[in-house]
Amino acid sequence: MRLLLVEDDRMIGEALRAALRPEGFAVDWVRDLAAARAALGSERFDLVLLDLGLPPGGPGAATAPEADGLSLLRELRQRSDTTPVIVLTARDGPGDRVRGLDTGADDYLVKPFEFDELTARIRAVLRRQGGHAQPVLRHGAITLDPATRQVQVGSEPVLLSAREFAVLEALMQRPGALLSRAQLEDKLYGWGEEIESNAVSVYVHQLRRKLGAERIGTVRGVGYFLTPVDAA
Ligand code: CA
């Protein structure tokens, strides 16, 4: 899962990024409206965490007044971009909340908030976005529940690290498709994070050990795919 974090407060941004990574989210962090606009124009994110009071960024930014994250949300929805957005803000008047939700926010969290509440809301929004009553992904004997982060082979629970889970989730979202190492790295790392060169192959190795070696196929130098083994 790839998140865009739009937050100008360095302390909050760093804390959120540090806390979300171990949960298996790749976090791209931008600190002004212009950078957020550019990111959303060029990449697809699974979810956006959006602060409201933001520097505008871009040319003339030094003299411009503080901009409003809601204008970015409005632009997204006007071009029918349905990327889920959770607004994070210190503004907590009921009018602000209504305005945020009316503009197309999927949820609204008032600072300061508990980190556990944020991750719970992220999962709830992602579940709703999928529109699934049963968000569980299945491939043959493997089931993966993005909401509870539980993986099973048959009826046996399998314990995965956050990053092993992220790799498996990416493969299970497109069963049978060949995903390149770069595509899988995209699910694991935010911008500017140092990518360990063999990380994906290490996680695939671990997944094979835990799920059964035959379940993940390799096309050497190209990528990985879930094999149709025991797929009913
Ligand atoms: Ca702010």
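The values are calculated or read from the model by the stated rules, or taken from the named source; none is laboratory data. None of these values were measured; they are calculated from a predicted model. Neighbour counts run over all protein chains shown; Cβ positions are idealised from the backbone, glycine included. To get the accessible areas, we keep the full protein, side chains included, count just its heavy atoms, and leave off ligands, DNA and RNA. Shrake-Rupley method; radii C 1.70, N 1.55, O 1.52, S 1.80 Å.
So here's what we get for this one:
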quantity	calculated
Test result for residue 177, modelled with pLDDT under 95, of a type in the set (A, V, I, L, M), exposed (fewer than 14 other Cβ atoms within 10 Å of the Cβ) and not assigned by TED's automatic domain parsing to the domain that holds residue 48	yes
First in the stretch 36-48 and within 16 Å of residue 123 (Cβ to Cβ), second anywhere and assigned to a helix (DSSP H, G or I) and open to solvent by less than 10 Å² (accessible area, probe 1.4 Å), Cβ under 7 Å, 6 or more apart	47/122; 47/125
Hits in the stretch 1-22 (condition: outside any loop (DSSP other than H, G, I, E, B) and away from the ligand (no atom under 16 Å from the Cβ))	2, 3, 18, 19, 20, 21, 22
For residue 213: the one exception among (1) surrounded by fewer than 15 Cβ atoms within 10 Å (Cβ to Cβ); (2) under 16 Å from residue 137 (Cβ atoms)	(2)
Residues (hydrophobic (A, V, I, L, M, F, W, C) and either part of a loop (DSSP other than H, G, I, E, B) or not assigned by TED's automatic domain parsing to the domain that holds residue 157 (or both)) located in the stretch 192-224	195, 222
Residue count for the stretch 23-55, restricted to those that are open to solvent by 40 Å² or more (accessible area, probe 1.4 Å), assigned to a loop (DSSP other than H, G, I, E, B) and away from the ligand (no atom under 12 Å from the Cβ)	3
Residue that is farthest from residue 165 (Cα to Cα) [pool: residues in the stretch 183-201 that are of a type in the set (A, V, I, L, M, F, W, C) and open to solvent by 60 Å² or more (accessible area, probe 1.4 Å)]	191
